[in-house]
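Quick notes on the structure that follows.
Rule-based calculations on the coordinates, nothing more; no lab input. These numbers were taken from a predicted model, which means no experiment stands behind them. FYI the Cβ positions are ideal-geometry reconstructions off the backbone, even for glycines, and counts take in every protein chain you see.
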Amino acid sequence: QQADALASRLARTQITAVYSSPIRRAHDTALAVGVTTGLEVVLEPRVQEYDFGEALSGLTWAEIRETEPEIVEALVNNDSEFPRYPGEEGRAAFRDRVCVALSEIAERHSADATVAVVTHAGPVAVYVMETLGRRYARPIPFSIDNASVTTVEIGGSQAAFAPPAVVTSLNDTCHLAALSS
């Protein structure tokens, strides 16, 4: 239902391309957008979620609490830094991967094109923080909900002192309001 509601909303914005993380939930959502808009979904692995490493990837929070309680303890008790996970990707590598991918997507499309990138909360957060010139650290000062819309306008202003990118909406879920909980 959320994917269909998002697809209907994006169909009204005249998007010209749809990119997606290859992770199933994001890809399924992107396919709904593609069907509704008549656009082919382009897989972009660099916008997939943070790689938490073999020890944690694919586990639920309940499973992580059971198998790695020290990681959960560090996450709960340290409000300024992310805990280290065995075999993780690394926060700087994650930020670079996501930001480079999104910059390349933006360069690939004309300045007036509207492109949808269906991804996860982590990539959205890291890109928004980068756009705002903030360090990617805890606590993240906003939430990103499933099927929400965050809009970043890139190079749209001709003003002399305009920033290269501007966050114009964050975690917009108005299209989900009519769905049953």
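May I ask for the angle, rounded to the nearest 10°, between helix 121-131 and the longest principal axis of the chain, with both axes built from Cα atoms and the value confined to 0 to 90°?
Roughly 70 degrees, rounded to the nearest 10.
Consider the candidate values [x] 131; [y] 153; [z] 103; state which one is volume of the Cα convex hull per residue in Å³ computed from the structure displayed.
[x]
Can you compute the charge dipole magnitude of the chain about its Cα centre, using +1 on each Lys and Arg Cβ and -1 on each Asp and Glu Cβ, nothing else charged? Give it in debye, rounded to the nearest 20.
480
Taking the 0 to 90 degree range and rounding to the nearest ten, how far is the long axis of helix 24-37 tilted relative to the main principal axis of the chain, both from C-alpha atoms?
It works out to around 10 degrees.
Taking H as built 1.01 Å from N, whose amide H comes closer than 5 Å to the amide H of Val118, not counting residues under 5 places away?
Here the answer is Tyr19, Ser20, Ser21, since their amide H atoms fall under 5 Å of that of Val118.
What is the distance, in nm, between label points placed 7 Å from the Cα along the Cα-to-Cβ direction at Glu63 and at Ala137?
3.3
What are the residues whose amide H is under 5 Å from the amide H of Val152, where those residues sit 5 or more places off or on another chain and H is modelled from the backbone?
Distant-sequence amide H within range of Val152: Thr168.
Just to check I understand the Karplus step: with θ = phi - 60° and J = 6.51 cos²θ - 1.76 cosθ + 1.60, what whole-Hz values come out for the stretch 42-54, glycine and proline as x?
9, 6, 9, x, 6, 9, 6, 4, 3, 8, 7, x, 4
What angle do you read, to the nearest 10 degrees and between 0 and 90, between the alpha-carbon axis of helix 2-11 and the longest principal axis of the chain?
Compared with the principal axis, the helix lies near 30 degrees.
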